[in-house]
Amino acid sequence: MKQLLTLLLLALATNAQEQKRLAILSTEDDGEPPMEFTDLKYLTARLREIAVKTLPKNNYSVMTEQNIIDKTGSKENAAKACKEAKCLADLGRKISADYVGQARLGRFSGNLLTINMELYNSASGSLTGSFTGEAKDVSGLLAVLNEEAPALFKKMPGASGGSKISSPVAGGISSLEKAIDYELDERFYLANLSTEPSGAILSFDGVPSASCPKTPCKTELPEGSVRIIAALEQYETADTTVSVFSNNQNIAITLKPNFGILEIKPAYLDGIGEYSKWNLTVNDKAYNSFENRFSPGNYNVKLSHKCYEVVSFIAGINKGKREVFDMAGNITLKKGGLILSAERSGEPASEPVFVNGRRAGETPFSNAVPLCSKVEIGENMETVDVILKYNEKVRYTYRSRPLEIAEIYTPTPELRKQDKTFLFAIALDVLGAAFISYAVYENGETKKAYNEYKESGHPSGYYEDAWKKTESSRSKRNTFYVIGSTALASGVGVHILF
């Protein structure tokens, strides 16, 4: 019995010594434009998950991302620049991994995504296995991994040996089969996972879940303590351990921002160029918004506009802070030289010149003018159709045609108003004179009729009728005198006042 226990301990010790460590490094993208950080993170996590499920646990252990970070002493991807076997093998030895693997993405014919997975022996630097594939999108790449990766890991030494170890044993025992322990009481619960903000990639005890690739999501977790790592671009990776004890348990993780904000406040001089938007580039990448998030660091910022000189500066971004750049006071108009002459009826003429509505001189004119200016000439401010050029001189002669007779007098609205007033006064004058003239005529006719009647010697009764007629005419005469005089006086008054 004692001998049997010794053999068991010896076998277990031998098995522990033979267990190999496999490191799956972060997936890298060598193509342009680069793939989203979260997609690369998920592909790496999927490779680790396949390795854990394929390789026997008694022969291999798969290092988690945190294991690799702890070994390198940095959160940065130490394998990003490794593209050769020697570099990957050196890194594998540095992190105490017996085998090291990495997938790299590329582009084929400009639109196909390619993936190349290589697995190396860290000690010898030799290639243990590899596979390549292509797809139209990330889902296609994931399908390639699911199909090719299991076969790659099964080719590793001892991967297909299961849990049996054979060795000669004294006492006639030819082999020893290791007992397999089964956890019959293990329980699983559904858990609702969420992060603030959402979209983080999760791993559970170092292994991702196919049903919970990004938050928010739902997955099954074993009862007890579970280590959860949540990663999201521009946020610090959260590493926490939670206790799973009931069904439909809600697990919420808050991510700390690892970015600062750069805000640009556009400005224009006297409204010049407002019809055209400023163009913003940061590290030679174009941005449509003037408020953007960036990881901590220094960035080359450039603002360009067809009407203004280029504005360039370096923005230092700090975590959790907002940097504001106000363009007011930091912009300068682009200028071009303008030599402007004027001719009227074929003869040189001196005319006032206006730039953006302000008088800038007179012809012959020679000066620097803002590139997007409106140039006008003459008292009537006629537009000059000249195209200015940046940092160049442009000559232009403005030629006006002779004025037509109808254009010699072109009254302004004020003059038109005065003309209407004058015509109204004239009308009053004419009306007043007409009334007075009619009154004079009526007076003459009345006197004539009365004198004729007086000299005729008619009876007194007829005389009285004539007299009444004369009085009526006299009354009309006086009324027309009053109306005519009033109208005439009003016309004269309008002349005097206006």
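Just so you know, all these numbers are worked out from the coordinates, no wet-lab data involved. Worth saying up front: this structure is predicted, and the values here are computed from it rather than measured. Here the Cβ is made from the backbone with ideal geometry for all residues, glycine too, and neighbour counts use every protein chain on show.
Derived scalar couplings between HN and Hα for segment 36-52 equal 4, 4, 5, 5, 4, 4, 5, 4, 5, 4, 5, 4, 5, 4, 5, 5, 5 Hz in order, rounded to whole Hz, by the Karplus curve 6.51 cos²θ - 1.76 cosθ + 1.60 (θ = phi - 60°), x for Gly and Pro. Distance between the 7 Å Cα→Cβ label points at residue 298 and residue 385: 5.1 nm. For the listed peptides 96-102, 63-69, a ranking on the average number of other beta carbons within 10 Å per residue, highest first, reads 96-102, 63-69. Within segment 246-272, what residues put their amide N at less than 18 Å from the label point 7 Å along the Cα-to-Cβ vector of residue 322? Counting backbone N atoms under 18 Å from the label point, the list is 257-267. A Cβ-based charge dipole, computed about the Cα centre of segment 19-154 with Lys and Arg at +1 and Asp and Glu at -1, lands at about 580 debye.
With a ≥ b ≥ c taken as the square roots of the eigenvalues of the C-alpha gyration tensor of segment 19-154, please select rounded if a/c is under 1.5 and otherwise prolate if a/b is larger than b/c or oblate if it is not? Note, shape of segment 19-154 comes out prolate. Let me check against my output: what whole-number percent is the relative contact order of segment 335-403, with C-alpha pairs under 8 Å and at least 6 apart? Computed value for segment 335-403: 44 percent relative contact order. Peptide packing: for 275-286, 355-366, the average count of neighbouring Cβ atoms within 10 Å per residue gives the ranking 355-366, 275-286, highest mean first. Extension gain for residue 279 to residue 30 (0.36 nm times residue separation, less C-alpha to C-alpha distance): 86.8 nm. At an R0 of 45 angstrom, the distance between the Cβ atoms of residue 226 and residue 111 translates into a FRET efficiency of 0.65.
As a rough footprinting exposure proxy, the listed residues 438, 268 were ranked by other beta carbons within 10 Å of their own, and the order from fewest upward is 438, 268. Highest mean packing comes first when the peptides 202-210, 41-49 are listed by Cβ atoms within 10 Å, giving 41-49, 202-210. Anything over 25 Å Cα to Cα? Flag those among 265/321; 154/218; 41/319, in the order listed. With Cα atoms farther than 25 Å apart: 154/218. Exceedance of the 20 Å cut-off in Cα-Cα distance is limited, within the set 94/256; 57/155; 20/57, to 94/256.
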